[in-house]
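Comments concern the structure below.
The values are calculated or read from the model by the stated rules, or taken from the named source; none is laboratory data. Treat the numbers as computed from the prediction; the structure is a model and nothing was measured. Quick reminder, even Gly has a Cβ in these numbers, built from the backbone with ideal geometry, and neighbours come from all protein chains shown. Heads up: the accessible areas ignore ligands, DNA and RNA and are worked out on the full protein's heavy atoms, side chains in. Shrake-Rupley method; radii C 1.70, N 1.55, O 1.52, S 1.80 Å.
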Amino acid sequence: MPTNRPLSRRRLLKDGVAAAGGAALWSAAPTAARSNRAPAVVTARRFKAWISRGEGTTRTRLEEVMLKPISGRQVVVRTEATNLCYSNVPPVLGIQPASAAAATPAAAALAAPNGARRMNDMAVIQGHGGIGIVEAVGPDVRRVQVGDRVCVSGTPHCGACYRCLRGRSDMCQFLSAIGADDLVAVAELRDGTPVYENSHIGGLAELMVTFEEWVVPIFTKASATDVGMACSCVAVAGLGATASPGLAMVEPASIVAVLGCGPLGLSAVQGARIAGASTIIAIDPIKARRDVAMKVGATHVLDPNIESDRLVARVRSMATWPTDRLWSGGRNPAGRRPGAGADFVIEAVGLDHVKPKLESGPDPTGILPMQQGYQMCALGGHYITTGLPRGNITLPGSLFAIGGVTHHAGQAGGASPMRDIPRFVQLMEKGQYLTAPMATTVVPLEGTLDAYEQVAYRTTITALMLGA
């Protein structure tokens with residue numbers, strides 16, 4: 001029954017809707033105490049979740065947990081599908097990167113500052129969100145209603161913070177509050193151990209409990225597999241980099257090069273095709289992925305192992321214009337300011353967490369392809385990076401200083417979740433974004449770890465976990 005008892009800090013902590021510290025308390029506590037609105041919605045039920053805790057390769061186990069009461073801006077979503085993102089391979093499978101020595105310095109560059117808690121000591125549901133049906137909402141939620149189909153985005157979009165108001169919702173400031181000390185307990189194990197979610201959005205469970213800024217309503221009756229693919233963090237990032245105005249809108253008849261043909265890179269290939277690019281060069285060491293790239297929109301494919309140190313020159317030779325007559329709109333392929341090169345380059349390679357069982361690329365740290373991507377971009381062109389390499393890149397100083405290449409870096413390829421995710425769903429529904437060649441492994445909740453092995457060793461393109 002609803003109650004009008006005032007909310008105290010003691011009661012909030014007892015109910016598990018706040019973590020230690022004022023910032024987390026403010027994030028989780030219902031504003032009912034401040035605005036005289038209705039009290040928290042309470043939904044107590046058991047559900048299955050993949051819980052990661054401790055060290056080693058057995059750190060993730062399927063367990064039954066009890067949902068805690070929700071409040072404020074919290075939303076409970078029944079999971080329909082979740083993408084098994086490659087970047088979650090280490091925390092889910094408990095393995096170290098193939099190039100551990102190179103991983104140490106850069107790994108902390110964007111990490112949350114050290115706090116009172118350590119993530120590996122906590123019981124955490126991994127996963128970068130997913131899609132599902134809203135089952136309950138806190139009293140302060142306005143964006144969605146019970147029964148809505150939603151995407152739990154890999155990037156929040158509050159629409160009110162400093163960055164959202166300046167057109168960079170991919171850098172929404174709520175993204176900075178996802179460290180161990182920021183997380184709020186959403187459930188508990190049988191022994192009372194609190195359970196948290198990766199980034200407030202852990203999708204490897206029958207239920208997701210998140211905050212309103214992470215949820216995007218989607219109005220579609222398409223299958224869970226199709227919607228789960230189109231709304232996955234990798235698809236959103238790839239389409240965001242090429243079919244969204246967030247960073248650099250790919251122009252009709254332009255020349256696009258995409259390094260890396262995992263699900264993010266292949267989505268970028270599709271976005272370039274949708275945007276009207278006339279030449280799309282897809283680069284990946286794995287033949288099966290190059291074959292899929294040709295099916296979804298690439299006009300040319302290259303193997304970086306075969307091209308080796310000639311890769312940049314090869315792309316430049318393919319990225320030319322019909323005429324070199326400058327007074328007739330031509331491009332000079334040589335000279336001090338050569339016009340050859342891709343108009344848009346999208347880097348989607350990143351680090352090898354483990355050595356692939358199929359063809360390996362030339363650099364497991366992801367640094368070499370990131371450098372090559374910059375150098376194969378035409379002077380005056382646009383370079384969009386999306387991968388997660390380990391280490392520092394080195395570029396020719398003069399090229400970087402006055403070469404005219406515009407580098408665009410952002411979360412999710414610069415996609416604006418509330419604006420772009422419904423658009424991407426439309427692209428899927430109209431047959432412009434192709435999901436069938438992309439969603440190559442689809443498993444129930446119980447098959448998640450086996451599917452993650454395929455993701456880790458790159459023997460599949462995209463793996464999706466289906467909920468109950």
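Summary table below
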read-out	value
In segment 278-293, residue most open to solvent (accessible area, probe 1.4 Å) [restricted to those that are part of a strand (DSSP E or B) and within 12 Å of VAL250 (Cα to Cα)]	THR279
Per-region count, segment 411-427, residues closer than 19 Å to THR220 by Cβ, open to solvent by less than 20 Å² (accessible area, probe 1.4 Å) and assigned to a helix (DSSP H, G or I)	5
Residue in segment 321-337 that is within 26 Å of the chain's Cα centre (by Cα), touching a residue at least 40 places away in the same chain (Cβ under 8 Å) and in a loop (DSSP other than H, G, I, E, B) present	no
Counted residues, segment 367-400 - those being under 14 Å from GLY260 (Cβ atoms) and in a loop (DSSP other than H, G, I, E, B)	5
Filtered residue count, segment 428-445, keeping only those that are closer than 20 Å to ILE133 by Cα and open to solvent by 60 Å² or more (accessible area, probe 1.4 Å)	3
Within segment 382-395, tally of residues that are touching a Gly at 6+ places or on another chain (Cβ under 8 Å) and open to solvent by 40 Å² or more (accessible area, probe 1.4 Å)	2
Condition met for ARG190 (among the charged types (D, E, K, R) and surrounded by 17 or more Cβ atoms within 10 Å (Cβ to Cβ))	no
Meets criteria (of a type in the set (Gly, Ala, Ser), in contact with a strand residue (DSSP E or B) (Cβ under 9 Å, 6 or more places away or on another chain) and modelled with pLDDT of 95 or more) for ALA319	no
Failed criterion for PRO422 (all others in (1) modelled with pLDDT under 95; (2) over 25 Å from PRO285 (Cα atoms) hold)	(1)
Any hit, segment 303-312, residues being farther than 24 Å from GLU429 by Cα, assigned to a strand (DSSP E or B), at pLDDT 95 or above and open to solvent by 20 Å² or more (accessible area, probe 1.4 Å)	no
Residue list for segment 147-166, restricted to those being part of a loop (DSSP other than H, G, I, E, B) and closer than 18 Å to VAL425 by Cα	ASP148, SER153, GLY154, THR155, PRO156, HIS157
Residues of segment 126-146 classified as open to solvent by 30 Å² or more (accessible area, probe 1.4 Å) and not in a loop (DSSP other than H, G, I, E, B), total	2
The lone exception for PRO156 - which of (1) at pLDDT 90 or above; (2) open to solvent by 20 Å² or more (accessible area, probe 1.4 Å) it fails	(2)
Members of segment 221-241 that are open to solvent by 20 Å² or more (accessible area, probe 1.4 Å) and farther than 27 Å from SER176 by Cβ	LYS221, ALA222, SER223, ALA224, THR225, ASP226
Single unsatisfied condition, SER244 versus (1) more than 28 Å from GLN126 (Cβ to Cβ); (2) among the small types (Gly, Ala, Ser); (3) open to solvent by less than 10 Å² (accessible area, probe 1.4 Å)	(1)
Condition met for VAL150 (at pLDDT 95 or above, under 19 Å from ILE70 (Cβ atoms), out of contact with any helix residue (DSSP H, G or I) (no Cβ under 6 Å at 6 or more places or on another chain) and open to solvent by less than 30 Å² (accessible area, probe 1.4 Å))	yes
Residue match in segment 336-345 (condition: at pLDDT 95 or above and either of a type in the set (Phe, Trp, Tyr) or in contact with a Phe, Trp or Tyr (Cβ under 6 Å, 6 or more places away or on another chain) (or both))	yes
Residue match in segment 435-449 (condition: in contact (Cβ under 8 Å) with a residue 60 or more places away in the chain, over 23 Å from GLY350 (Cβ atoms) and of a type in the set (D, E, K, R))	yes
Any hit, segment 446-453, residues being modelled with pLDDT of 95 or more, farther than 23 Å from ALA205 by Cβ, out of contact with any Ser or Thr (no Cβ under 9 Å at 6 or more places or on another chain) and open to solvent by 20 Å² or more (accessible area, probe 1.4 Å)	no
Breaking point among (1) over 23 Å from CYS233 (Cα atoms); (2) in contact with a helix residue (DSSP H, G or I) (Cβ under 6 Å, 6 or more places away or on another chain), for ALA136	(2)
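Residues checked against (1) modelled with pLDDT of 95 or more; (2) within 30 Å of PRO422 (Cβ to Cβ):
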position: GLU55; (1), (2): no, no
position: VAL65; (1), (2): yes, no
position: SER71; (1), (2): no, yes
position: VAL76; (1), (2): yes, yes
position: VAL89; (1), (2): no, yes
position: ALA101; (1), (2): no, no
position: ALA106; (1), (2): no, no
position: ALA116; (1), (2): no, no
position: ASN120; (1), (2): no, no
